[in-house]
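Here's the structure we're looking at; comments come further down.
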Amino acid sequence: MNSTKRNTIHRLTNCKAKIIVKRIKGTDEYRFDKFQENHNHDLEDTFHLKSTRTISYSDKEFIVQASTMKMGATKAYKLKSTLKSGFQHVRGIVVDYRNFKRDMGSIIGFRDAQLIVNKMNDRKNNYLNYSFYYKCDENKVLNAMFWADETEKAYYSEFGDVMSFDATFRTNK
C-alpha cells in the first residue's frame, strides 16, 4: 500500500495528538478507533489554522502595494512578518498571500487595458498640453496607444525623434 504524508503543521513540533476514525464494514457508520489528546506544544499558536488565516484589508493593501513594486507574494509575506516581528503575528500564511495575488490578477484579467486607458484619459483631462490617443480593433482589443506630455513635445520640436514600443515583439511567430 502506498502511503503518502499529508502536508500538515504537526511535523514542526512532532505532536502525537490525533484522532483516528474508521468506517464500520458494511455500514455507513463510523467509530473512533484511536484518540490521543496530549499535545507537546502550546495550543495558543493557532496562526496556521484555517479559521485564523483570513487576510485583513490592510494586508491585502500591502500585497497590492508590494505587487506594484514588482515584489512577489512570498517576499511580501516575509517582509510583513519581519515588520510584525515574526510569522506568528501575520494573519494568513504565504499560500494565502499567493492566492490573493493570483485572485487579484484574475480580477484585473483583460481589464488591464481599460485601466491604462482610463489613467491616460484622466491625465489628458487634468494636465495642460497632454495628448493621448488609442486605437482598438473590431473586437475592442487595444492595439495601439500614443501619449505625449509638454516635455516630450518640446523634445520632439527640438530633435524630431519619436520612440515606439512593440509590445508583441517575440510573442508572435
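For region 88-100, a residue qualifies if it is farther than 13 Å from Phe62 by Cβ and surrounded by fewer than 16 Cβ atoms within 10 Å (Cβ to Cβ), and the qualifying residues are Gln88, His89, Val95, Asn99.
Of all residues assigned to region 76-83, none qualifies as being free of Cβ contacts under 8 Å to residues at least 24 places away in the same chain and not in a helix (DSSP H, G or I).
Sub-8 Å Cβ pairs linking a first residue in region 57-70 that is closer than 20 Å to Ile93 by Cβ to a second residue that is open to solvent by 70 Å² or more (accessible area, probe 1.4 Å) and modelled with pLDDT under 85, at least 6 apart or interchain, are Asp59/Arg91, ordered by first then second residue. Go through the residues of region 74-87 one by one and say whether even a single one is of a type in the set (Lys, Arg) and open to solvent by 90 Å² or more (accessible area, probe 1.4 Å). Yes - at least one qualifying residue is present in region 74-87. Can you pull out the residues in region 130-173 that are more than 17 Å from Asp112 (Cβ to Cβ), hydroxyl-bearing (Ser, Thr, Tyr), open to solvent by 80 Å² or more (accessible area, probe 1.4 Å) and not in a helix (DSSP H, G or I)? Across region 130-173, the qualifying residues are Tyr133, Ser164.
Residues of region 114-148 that are more than 29 Å from the chain's Cα centre (by Cα) and touching a residue at least 24 places away in the same chain (Cβ under 8 Å): Asn129, Trp147.
When the residues of region 101-129 are narrowed to those that are of a type in the set (S, T, N, Q) and modelled with pLDDT under 85, which ends up most open to solvent (accessible area, probe 1.4 Å)? Going through the qualifying residues, I end up with Gln114.
The values are calculated or read from the model by the stated rules, or taken from the named source; none is laboratory data. Since the structure is predicted, the reported quantities are computational estimates derived from the model, not experimental observations. Note that each Cβ is placed from the backbone with ideal geometry, even for glycine, and that neighbours are counted across all protein chains shown. With ligands, DNA and RNA removed, areas are computed over all heavy atoms of the protein, side chains included. Shrake-Rupley method; radii C 1.70, N 1.55, O 1.52, S 1.80 Å.
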